[in-house]
Every structure is written in structure tokens, then in C-alpha cells.
Amino acid sequence: MELNGAQIVVQSLIDEGVEYIFGYPGGAVLHLYDAIFQQKELKHILVRHEQGATHAADAYARATGKAGVVLVTSGPGATNAITGIATAYMDSIPMVVISGQVPSPVIGSDAFQEVDMIGISRPCVKHNFLVKDVTKIAETMKKAFHVAMTGRPGPVVIDVPKDITDPRIKVPYKYPRKVTMRSYNPAVLGHKGQIKKAVELLLSAQRPMIYSGGGVILGEASDELTEMTRLLGYPITNTLMGLGAFPATDPQFVGMLGMHGTYEANMGMHESDVLLAVGARFDDRVTGKLAEFCPHARIIHIDVDPASISKTVRVDVPIVGQVKPVLEHMIELIKDSKTKPSKKALEAWWEQIDKWRSIKCLEYDRNSPLIKPQYVIEQLYEVTKGNAYVTSDVGQHQMYAAQYYHFDKPRRWINSGGLGTMGFGLPAAIGVKLAFPDADVACVTGEASIQMCIQELSTALQYKTPVKIVNLNNRYMGMVRQWQEFSYESRYSHSYMDTIPDFVKLAEAYGHVGMYIDKPEDVRPALEEAFAMKDRTVFMDIITDRTENVYPMIESGKGHHDMKLRVALGTPTDRELA
Amino acid sequence: MRHIISILIENESGALSRVAGLFSARGYNIESLTVAPTEDESLSRMTIVTCGSEEIIEQITKQLNKLIDVVKLIDLAGAPHVERELMLLKVKTTDQDRGEIKRIADIFRGRIIDVTSTTYVIEMTGPSDKLDAFIDALDKEKIIEVVRSGPTGISRGEKGLHL
């Protein structure tokens, strides 16, 4: 079959099994858009800003496990995509971004809409390719998907100069079924000896803790993690990225850990004697002060990326490999082992954990006449029966969603954990809704974050992606304000906006339903009404208590045992908890 | 501690910038970097001299290995090896000191490869500290220009860095 470059790009995507491509046209990609126009299989989603395209594709990947695909033009199209590429990179999300480039002969001449995309994207991609030859397109596309999806996943950019897609130049096309790269062979199975050592250490624990991250979700290893954790009877905590990998409603789950983790999770980490880290990268928001991190623990770390091991925290038993096969192997060894976890030690450990739990660190004032953001998330959880896909932006609302929506399944919690990208939530919700049209999709956001990609409301109408926007409107950039309250004597420098749009009218102007909710008793009915409108995007502008803070909190530079709790709870003394 | 990291990398445009970008983005030191194609045209050999604690060197090698274009890598400092650096040095000469400069160059096994009525260009290879010693042995005022390649190295014995 003979095709031109533009057709090869499109046909490669179809042959790769790509369903949606999120993009925005421009001069350098006109040939590509012409090829898209002349076929039916690949569905193009026209966004309103390239950042929206990257977040939608990224969330599509997070929810489905397939690579998200983006198409942008050269210059500003490419630079607008960078934030979304970096977002995917930090959370190891498989994504393939095709960027147009000025024609090869004028590269480097400061041509119109020229930017060095290979150079600009280099620090925030797993890899990138500049296609220099039309005969190399199919192979490069295959390589891009291979690199994006395998090992530790990540975004890959393919920069395609306009002349490479010239419709007049046709070459034979065959999409490679497989591709091998001599310089890229990610680990699969873990080292047997190390796995054996890990199991022995794990079974000898007196105060064990399992700490799992986004790698378990990316590695499709939730079932194995759950099986092993239940087999052992050990407590487990998830990172922000790992929520849903182990059912949050299971009694062995002690909540999220880290800066806004639960008291029991963080204290459990601090007091543990054996820590099993699975697909987690010891991020600073998780570890707190490194010198005080898990001072009594011997640490086992399973990760597909060798560079993640002993990067910030020195570990005792490193295992490089895909989480799924490593956990399968561990389960086998645990079942076969004559050594069983010490019942007595485990009972004492759970007794201690239950004491920490009894503080109820996530309790808040339920009698307030103002709407508490935590209450909204609890109601959202109930109304959606815990089955919704929840996307979020970044800030206090993100933490409330993580703390109060109990994710029992992987891939349901879609948020920008590593880069912390405001503006992620709405385009992400659109991406998820396209993947799962029958599922409830909620975007938990705030009045500051939502304005960063609000133009995508228009995309939501065009492609009929009825998502529910839960806008926790506290008239502040809540997390910034919270830090200013705690660390800057309440000098609220630029953490509020003097003018906030009328979101109800704005939603209506975009063709959607707007709701204004300012009384606690209206929250539940509004949510029920919104989710009952199956075919409409609903923007719920919920006026919340503007002084509310996220607790518990480990302030930066402090250790896990040094948490700031809600004042009403008091500071638990050692005597109370001993 | 000083380490010499030797890399086989795909000989493609942008490969060098991936390595250099990694060092700057993560704040690692580069003392020197040399790169040239190997006998296999599709591969380049890169030698990086860097320094840092064991933890940092471990991260540097892991991060370099993670680059998709990096095919193979060794830390030469971990095993017996030889290293050499090339230096070209231009000095001012007078009728009085020409003999003396030549004698010093001879002692260091340097070669004079260009002569004018007022200058010498001396070529010298060796471990970096030998080149340092030669520079120290000359009168500073006389030195017009020094060009050094940065060290490159190879392991001793039958083992080698190849595919």
C-alpha cells in the first residue's frame, strides 16, 4: 500500500488501535488534518487550547491504561502542550504527542511558528523523535508507542516537519507489528534472590507497613497487591497517586499518607519496622523530612525504574521489575513459606493503629451553617455510590477529594499528583467521559483552578461529554491561603481574586446547566439532580466555608510523627495514645 | 570522588544534548566531556568525568542508563583502566629560552608540532595530572593558549565496552 506521510501518521494510529486523538490544527499540521478529514476510524476531538488536549489525552490514558494521543501544530501549539506533557511525565502516564514542525529546509531559520520542540520538550518527555524521512514515520510511530507504554511509562513526542507529510510524496506503508531497540530493554521480572529476601524480611516484621503508589495502578497490579495484603493481614497506605490500588473501604487500609495523609498512616510509617514500598517513588510530599523518615524500618522497594530506587531514601532490599510479576512471585513464596506473620506482634500492632485511628483525624465541624468542602465530597461519594471517575484540579479540593472519596477501584482517581497542574480537572473529565460514556464522571475543582482551562466547557458541549463539575468555591486559592495562614501570619498575598465570574451564567453561556448552592441542606439534592441529568454537563458552583483548612498536615521540613491536626481535636499526647 | 563514565550512545542528532541536559537539569557536575563516533558508525562513545558522593554517582549512572539513546555504560573508576588526555599548548619563545622549553617538553614526552620565530605549539598526551605538571613547569607569562581534550579512557584486560 502506498501512502503519503500524513496518511501514514493517521494509518499508523489506526493500526496501533488508537480511538481518539485530541488536538488543534495549525499551519504545520494541515496535511495531517487533511488526512484525518478523509477517514472515519480515528476520531479527532477538537479542544479549545492545546493544554486541554494534553490533559484530556492524559486522563484518557489514566482511566483506560491505553496511551493518550495528541496532535498539535508547531510553535505556540507545541509550547501550549508542554504543561500537559510535563504533567504526564511527572506521573508516568503513557502519551504520544505528535507536533507539527516547520518544513525541514527552514528548520533553524526562525521561521514562522518555529520552536525547537525537541529541545523544549526534552526534559519532560521519556523520549522524543524528530522524523526526518517519510519512510521512517511508521517505524517511529511504533517506537513511540513502545517506549510510552513499556517500562516506566511516560510521554513521547514525535516532531513532524511539514514537508515529511507532503501529500504528493507517497511511499510503501507497512505498520511494524513489533519493534526492538537495542538501547531500550526495560526490566520485567525481579531478581529471584531479592524477592526471596524481601519475603523473608516481610514475614519477620513486628510492625509492618505496606506503602503503595501509582506504579501499582500503572502496572495493573491492584489485584495482586490486594491479595498479598489480605494474605499478610498487614496495614496498607496509598500515596495520592496510588489511591484505588487497594480498596479504601477495606479495614486494612489506613488512608493516604504524606503531607495530608491520615494520622494513622503517617504514624504507622514512622513506627514501622519493615516497610514495603510498591511502585512508589518516595516523593517529598510523601516522605516529609528525609532524615526522620521511617527511622526504625528496614525498607523493601519494588519499582520498574532502577533510578527510582535509593534516589532519596536508601533502601535495604531493592527489587527492579514490573510490579505485577514481582507481587505474583511474592504471593507464591508467602503461601509456600513455613514462617507465618507473628500473630501476637500483629495484634499488638493493629491495637496501636486503632488507637491512632480513634483520633478520627479527618473529622470536621458537621454543625456549621456554612457548607464544608469535606461534606460535599462525602455527599458526592454517596450519591455516586463510590463508583464515579473523579478528576480533580490542584489545591485544597484535590486533597478533600483524596481524603473523603473512598476509591475502591484503580484508575478511578484522576489527578495531577507530581506536577500539580491547575487546569487539569475539566479536560481530564472530558477525556475520561469519552473513554467511559456510561460512567459518572465528576470534576472536583475550585474557582481558581477551573478558570485555568474553563474554555474546555465548549469542547464538552461539542462532543456531548456530560461531566459534573463540583466547584468548591471558597473565593480563595485555598491551599495558598492555608500556607499563608500557617507560615506567613495570614498575609493573604494575592491568594484571592476580586472578581470571580458568575459560574452559573458562564455554564449557561457555554450551553450547559449551572447551579448555585450555598446552603448545606441543598448540597445533596443538587448533586442528585445533577447526576440524574445524564445527558447534560452540570456546573455546580458550591459556596463553601472560606476559612476551612486541610488537615492533618505535615508542614514542609517536618517528619511523619510531627503532624498538625485540626485544633478541635487537640494535639494527642503520647500518654493518650500509648 | 572523581569518576570516569564511559557511554556507548546512539549516534543520532540530539544525543549529546540529552546527556548534557540531564546533567544540568539534575544539578550534577561535569568536569569534562568528550564524544566521537566509534568503529561502528551508528554508535558514539562518550566519556564524562564527573565527581560526587557514591549516592550521586549511582543516580548519575542510573539516570544516564535511563536515557533511551544510551546503549551501554560503565564507570571506569570502578576497575583497572588507563586514561589519557590530549593537550595542545602554545608558548611564546625567545632565542634565549627556546632550548630550555624544548628540554622541559622532552622530559614530559611532549612534541613540538609548530614553530614560528616567536612561538612553539607543543602536543602532549597523558593522564591529566601530568599535563597539569607540565603547565606548572612552564613560566605562566609565556603561555599564550592551552587546549585540552578532557580525559578519555579504556579498561584494562580483555573486557571492553561494546555491544
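The values are calculated or read from the model by the stated rules, or taken from the named source; none is laboratory data. Keep in mind that what you see is a predicted model, and the values were worked out from it rather than measured. Cβ coordinates were reconstructed from backbone atoms using ideal geometry, including for glycine residues, and neighbour counts include every protein chain displayed. These accessible areas exclude ligands, DNA and RNA; they are computed on the full protein's heavy atoms, side chains included. Shrake-Rupley method; radii C 1.70, N 1.55, O 1.52, S 1.80 Å.
Quick notes on this one:
- Accessible area per residue for chain B is 54 Å², calculated with a 1.4 Å probe on protein heavy atoms, without ligands, DNA or RNA.
- C-alpha long axis of helix A:323-336 to longest principal axis of chain A, angle in °: 40
- Springs join every pair of Cα atoms under 10 Å in this Gaussian network model of chain B, and among B:LEU73, B:LEU89, B:LEU138 the largest mean-square fluctuation is at B:LEU138.
- Scalar couplings 3J(HN,Hα) for segment A:249-259, obtained by applying the Karplus form with A = 6.51, B = -1.76, C = 1.60 to θ = phi - 60°, are 8, 6, x, 6, 7, 9, x, 6, 10, x, 3 Hz; x denotes Gly and Pro.
- A 1.4 Å probe run over segment A:251-375, with the rest of the protein chains in place, finds 42 Å² accessible per residue.
- Taking amide hydrogens as placed 1.01 Å from N in the peptide plane, the amide H of A:LEU130 sits under 5 Å from those of A:ASP159, each at least 5 positions away in sequence or on another chain.
- Where only C-alpha atoms are counted, convex hull volume of the protein assembly as shown per residue in Å³: 207
- Choice from B:ALA105, B:ALA137, B:ALA15 with maximal GNM fluctuation in chain B (Cα, 10 Å cutoff): B:ALA137
- Each residue of segment A:544-561 was assigned a 3J(HN,Hα) from its phi angle through the Karplus curve 6.51 cos²θ - 1.76 cosθ + 1.60 (θ = phi - 60°); the sequence is 9, 4, 7, 9, 5, 10, 8, 10, x, 9, 9, 5, 4, x, 10, x, 4, 7 Hz, with glycine and proline shown as x.
- Look at where the Cα atoms of segment A:1-35 and of segment A:213-279 average out, and the two centres are 41 Å apart.
- Distance in nm between pseudo-label sites at A:ARG366 and B:ASP129 (7 Å out along the Cβ direction from Cα): 7.3
- For A:GLU363, nonlocal amide neighbours, meaning residues 5 or more places apart or on other chains whose placed amide H falls under 5 Å from its own, do not occur.
- Chain lengthening between A:HIS561 and A:LYS534 when straightened (0.36 nm per residue, less Cα-Cα): 5.2 nm
- Accessible area per residue for segment A:1-101, computed on protein heavy atoms with a 1.4 Å probe, is 29 Å².
- Complex-versus-alone comparison for segment A:313-328, residues with a loss of 50 Å² or more in accessible area, probe 1.4 Å: A:ARG314
- Segment A:374-456 - percent of accessible surface contributed by carbon and sulfur, probe 1.4 Å: 51
- Positive contributions from Lys and Arg (+1) and negative ones from Asp and Glu (-1), summed over other residues with Cβ under 15 Å from the Cβ of B:LEU16, come out at -1.
- Applying 1/(1 + (r/R0)^6) with R0 = 30 Å to the Cβ-Cβ distance of A:GLU41 and B:ALA36 gives a FRET efficiency near 0.05.
- Paramagnetic reach from A:SER109 in segment A:26-47 [backbone N under 18 Å; point 7 Å along Cα→Cβ]: A:27-29
- Computed from backbone phi, the HN-Hα couplings of segment B:9-16 come to 9, 4, 7, 10, 4, x, 4, 4 Hz, rounded to whole numbers (Karplus: 6.51 cos²θ - 1.76 cosθ + 1.60, θ = phi - 60°; Gly and Pro given as x).
- Once the Cα-Cα distance is subtracted from the 0.36 nm per residue extended length, the A:LYS464 to A:LYS519 segment shows a gain of 16.8 nm.
- For segment B:1-87, the relative contact order works out to 43 percent when only alpha carbon pairs closer than 8 Å and six or more residues apart are counted.
- Solvent-accessible area lost on pairing A with B (1.4 Å probe, both sides summed) amounts to about 1600 Å².
- Cleavage-rule hits (GluC sites (Glu not before Pro)) in segment B:1-105: DSSP loop, at most 16 neighbouring Cβ within 10 angstrom: B:GLU12, B:GLU31, B:GLU39, B:GLU41
- Pairs from the list A:LYS192/A:LYS340; A:LYS197/A:LYS340; A:LYS136/B:LYS62; A:LYS43/B:LYS66; A:LYS40/A:LYS468; A:LYS126/A:LYS196 with a Cα-Cα gap above 22 Å: A:LYS136/B:LYS62; A:LYS43/B:LYS66; A:LYS40/A:LYS468; A:LYS126/A:LYS196.
- Of the GluC sites (Glu not before Pro) found in segment B:105-163, those that fall in a DSSP loop while having at most 13 other beta-carbon atoms within 10 Å are B:GLU158.
- Under 20 Å from the B:VAL146 label point (7 Å along Cα→beta-carbon), backbone N, segment B:18-43: B:30-34
- Loop-located trypsin sites (Lys or Arg not before Pro) in segment B:68-163 (DSSP state other than H, G, I, E, B) with a sparse environment of at most 16 neighbouring Cβ atoms within 10 Å: B:ARG109, B:ARG156, B:LYS159.
- With 0.36 nm allotted per residue and the present C-alpha distance subtracted, the B:ARG98-B:GLU158 stretch has 17.2 nm of extension available.
- Counting Lys and Arg as +1 and Asp and Glu as -1 over every other residue whose Cβ lies under 12 Å from the Cβ of A:ASP223, the net charge comes to -1.
- Relative contact order (%) - segment A:67-198, alpha-carbon pairs under 8 angstrom, separation at least six: 28
- With contacts taken as Cα pairs under 8 Å at a separation of at least 6 residues, segment A:230-388 carries a relative contact order of 16 percent.
- By a 1.4 Å probe calculation restricted to protein chains, A:CYS294 has an accessible surface near 10 Å², given to the nearest 10.
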